[in-house]
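*Asks:* Structure below; questions to follow.
Every number here is computed from the coordinates shown, using simple stated rules; none is lab data. Source: prediction; values computed, not measured. Glycine also receives a Cβ, built like all others from the backbone with ideal geometry; neighbour counts cover every protein chain displayed.
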Amino acid sequence: MTARTVLRGARWPGDIAIADGVIVETGIVEAQPGDAVVNVDGDIITAGLANTHHHLYQWMTRGRAVGCDLFGWLVELYPVWGRLTVDDVAAAALVGLGELAVTGCTSASDHHYLVPHGDDAVFDAIVEAAATVGIRLHLSRGSMDLGKSQGGLPPDHVVEGLDSIMASTERVIAQHHDGDMVHVVVAPCSPFSVSSELMEASAALARQHGLRLHTHLCETIDEQEHCLERFGRRPVEQLDDWGWVGDDVWLAHGIWINDEEITRLGSAGVGVAHCPSSNARLAAGACRVTDLEAAGVPVGLGVDGVASNEVGGLFPELRQSLYAARLRAMDPSAFMPADAVRLGTSGGASCLGVADRLGSIEPGMAADLSVWPGDDIADVVDPLAGLVLGPDRRVRHLYVGGNPVVQDGHLLGCDLAAAHAELAKRARRLWD
Ligand code: ZN
């Protein structure tokens, strides 16, 4: 019999036994000879959190355009991002993924749409950073092909040509997609930075390879006005015209969606990455999470880039999603701690198309687990209320496919403090 690892003594949901990277038993697990036991007395264990939307490179540019809305913020930041090198993005990815791991994330998603001087080795660098940290990566090969001179928002020098985007995406898929630790996703950036040709070619390419599609949509009123002016269509209508309304698609933000569109997305199975801190920071609007879920839309949580989030940890988004939903509804029972945990785990796994083996603690599921210290909330009757509403915390242990990634609070794959120091050195170069 394969040796088991048994996490023993958790206050929630009880003991968990792992073998061959998979959860084999939960609840009260009887001891077996040869068990490797990890005592987690009083701790709380959730399925590993899934981050459904991020821009890791933005770790290079925190604290800028602090009082701006999305378009003002982008216009200030695009030229700075245009100066990043592949090595800068690598340094930011290492910090970003490390911070995700210590805040409970086992499946990261990076929507990367800036290719420094056309060098798509940037995607190899992000994959390498994920391997170093040891967490799963949904690598969204992002793209922009609509510069300012063509009616887009970004300056011309930060966009790519359609042909090179397609060729590079093919290359990244062939080299990195393994359907386990790395999932490549085809991900044009946003309606105001892409051509219709890019949206349609991306959908065709993703479906040819059986991969998922991701983009920003319905984030702001400005974006909606751009679509009405350019296409005479609301963003979701335009998405439909591009052939993007399907269960292989998830959208970042999904705020400005009307009732009819929510029904359409729900019946098609399009997911939404809800990024409550970023939405609040940019005053983008309030995502209709409860309406989306009621219509059957899978909703997951996203950090979004730290140039609009500033924290970069997934744990705080649990509490923020609860606060955002209650404020929007003006109803304290509209969204409960268990709802926030669902968004962060199984909801996220559904968005990423991996809910068949990730996002819940059941025998047969992959052993992707976040062990949260429970000492300081031992007095709280409901452990999930203590977890979600209580102080921000970092994991005691993190397991990905049964492998320890964080142990006793320490990230095993790299020196996170050194990674931060290297990032700061590089980021200061951009201050001039
Ligand atoms: Zn984003």
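*Asks:* In nm, to one decimal, how far is the Arg428 label point from the Arg230 one, both placed 7 Å along Cα→Cβ?
*Replies:* 3.9
*Asks:* Using the basic label-point model (7 angstrom from Cα toward the beta carbon), what is the Gln175 to Arg357 distance in nanometres?
*Replies:* 2.5
*Asks:* Also, I was wondering about something else. Please sort 53-66, 148-161, 90-103, 384-397 by packing, taking for each peptide the average over its residues of neighbouring beta carbons within 10 angstrom, highest first. Could you put the intermediate results ahead of the total?
*Replies:* Values: 53-66: 22.6, 148-161: 16.4, 90-103: 26.9, 384-397: 18.5.
Ranked from most to least packed, the peptides come out as 90-103, 53-66, 384-397, 148-161.
*Asks:* With the cut-off at 1.5 for a/c, could you classify region 49-352 from its C-alpha gyration tensor as rounded, prolate or oblate?
*Replies:* Details: a/c = 1.32, a/b = 1.15, b/c = 1.15.
Taking the square roots of the gyration eigenvalues as a ≥ b ≥ c, region 49-352 is rounded.
*Asks:* What ranking, highest mean first, results for peptides 404-417, 354-367, 273-286, 238-251 when packing means the other Cβ atoms within 10 Å averaged over each residue? Show your work: numbers first, answer last.
*Replies:* Values: 404-417: 16.3, 354-367: 17.9, 273-286: 22.9, 238-251: 20.4.
Output ranking for 404-417, 354-367, 273-286, 238-251: 273-286, 238-251, 354-367, 404-417.
*Asks:* So, one more: In cubic angstrom, how much convex hull volume per residue do the alpha carbon atoms of region 315-386 span? Before the final figure, lay out the partial values.
*Replies:* Working: hull volume 8.1 nm³, N = 72.
Taking the convex hull of the Cα positions in region 315-386, it is 112 Å³ per residue.
*Asks:* Write down the percent of antiparallel bridges among all DSSP beta bridges whose residues are both part of the chain, to the nearest 5. Show your work: numbers first, answer last.
*Replies:* Working: 21 of 54 bridges.
Close to 40 percent.
*Asks:* Hey, what did region 49-352 get for relative contact order, percent, Cα under 8 Å, at least 6 apart? Before the final figure, lay out each step's value.
*Replies:* Details: 633 pairs, mean separation 59.7, N = 304.
Worked out over region 49-352, it gives 20 percent.
*Asks:* Order these by the 10 Å Cβ neighbour count, fewest first: Thr52, Thr106, Thr46, Thr290. Don't skip to the end; give the middle numbers.
*Replies:* On the way: Thr52 35, Thr106 31, Thr46 23, Thr290 17.
Ascending Cβ contact count within 10 Å gives the list Thr290, Thr46, Thr106, Thr52.
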